[in-house]
Amino acid sequence: MDEDKFSDGLRTYTGRALIQRPFFPIYVLLGVSYLLVFIGFVVSLSKVATVSSELHKMHADAAREPFGHDSHLFPCGTDTRQWEYSNGKCYYFSLKAIPWHQAKAECEKQQSQLAVIKSLAEQNFLQTRTRNERFWIGLHDLHTEGEWKWLDGSNYITGFKNWKTGEPNTYLNQDEDCGQLWINGQWNDFVCTSNSYYICEKPLPKAT
Ligand SMILES: [Ca+2]
Ligand SMILES: [Ca+2]
């Protein structure tokens, strides 16, 4: 009896083994596939984490450098592309000719002032832009005739000068109290209510 049961059990076991054996490689393949999918998932997650961290770094960089890569192309700011950069300052060359006081106000509206020329290098830069047109600068003798003053308080007496020969001259007894660049960029005093183009200047905006 016990021997029969044992024999039956052995047959059953042998039978199962015979049935299960053909499916074994499929189970192995399925297992390997799941493993590969799992590894792929983990790798993707790690890549997403890397990209996310790089994006975060780019945002942080952009916050530190507000004009981004454009700062190299437009150092004076992307929203003021008509401003030209030279030697630490930004300059605006007007496209319309207006009286000196109005030009001064226009510059101030743009957080700048009429140009103050402090060196031959600055003079050379400005005169290449103004050619032989008349451009107002921040120089005047409005308060006392012959006492020339720069708008920013720079010392006129000891500072750089580039008057055209014979200027300042109060031509034809007219009250010429405002300074401008003229032929070859040389300076001329002119009637302040006359229309001239103008140059505004401001320091290079700080990247915060
Ligand atoms: Ca004068
Ligand atoms: Ca003059």
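Read the figures in this text as sums done on the coordinates, not as results from a lab. Keep in mind that this is a model prediction, so the values were computed, not measured. Note that we place each Cβ from the backbone using ideal geometry, even for glycine, and neighbour counts take in every protein chain shown.
Mind giving me the nanometre distance, one decimal, between the label points for residue 143 and residue 26, set 7 Å out from Cα along Cα→Cβ?
Taking the simple label geometry, residue 143 and residue 26 are separated by 10.1 nm.
Counting only DSSP beta bridges with both residues in region 78-203, what percent are antiparallel, rounded to the nearest 5?
90 percent
I need the calculated FRET efficiency for the pair residue 81 and residue 101, taking r as the beta carbon distance and R₀ as 35 Å, to the nearest 0.05.
Approximately 0.80, to the nearest 0.05.
Relative contact order, percent, of region 78-203 when contacts are C-alpha pairs under 8 Å separated by at least 6 residues?
Relative contact order for region 78-203 comes out at 39 percent.
Quick check on my link table: of 96/118; 109/161; 118/202; 96/161; 104/149; 164/202, which ones sit more than 21 Å apart, alpha carbon to alpha carbon?
96/118; 109/161; 96/161; 164/202
Output wanted: per-residue J couplings in Hz (rounded whole) for region 84-92, from phi through Karplus 6.51 cos²θ - 1.76 cosθ + 1.60, θ = phi - 60°, x for Gly and Pro.
Each residue's phi maps through the Karplus curve to give 10, 8, 7, 6, x, 10, 10, 10, 10 Hz.
Report relative contact order for region 135-208 in percent, whole number only (criteria: Cα-Cα under 8 Å, sequence separation at least 6).
Averaging sequence separation for qualifying contacts and normalising by length gives 34 percent for region 135-208.
Grab the beta carbon distance between residue 155 and residue 204, set R0 = 22 Å, and tell me the FRET efficiency rounded to 0.05.
Details: r = 23 Å, r/R0 = 1.06.
The pair residue 155/residue 204 has a calculated efficiency of 0.40.
Going by C-beta contacts inside 10 Å, put 45, 142, 181 in order with the fewest on the left.
45, 142, 181
Trypsin sites (Lys or Arg not before Pro) within region 125-184: which are DSSP loop residues with at most 11 other Cβ atoms inside 10 Å?
131
Using a Cα-Cα cut-off of under 24 Å, which lysines could be cross-linked to residue 47, ignoring same-chain neighbours fewer than 8 residues away?
Qualifying lysines at Cα under 24 Å: 57.
Over all directions, how big on average is the projection of the convex hull of the alpha-carbon atoms in region 90-208, in square nanometres?
7.7 nm²
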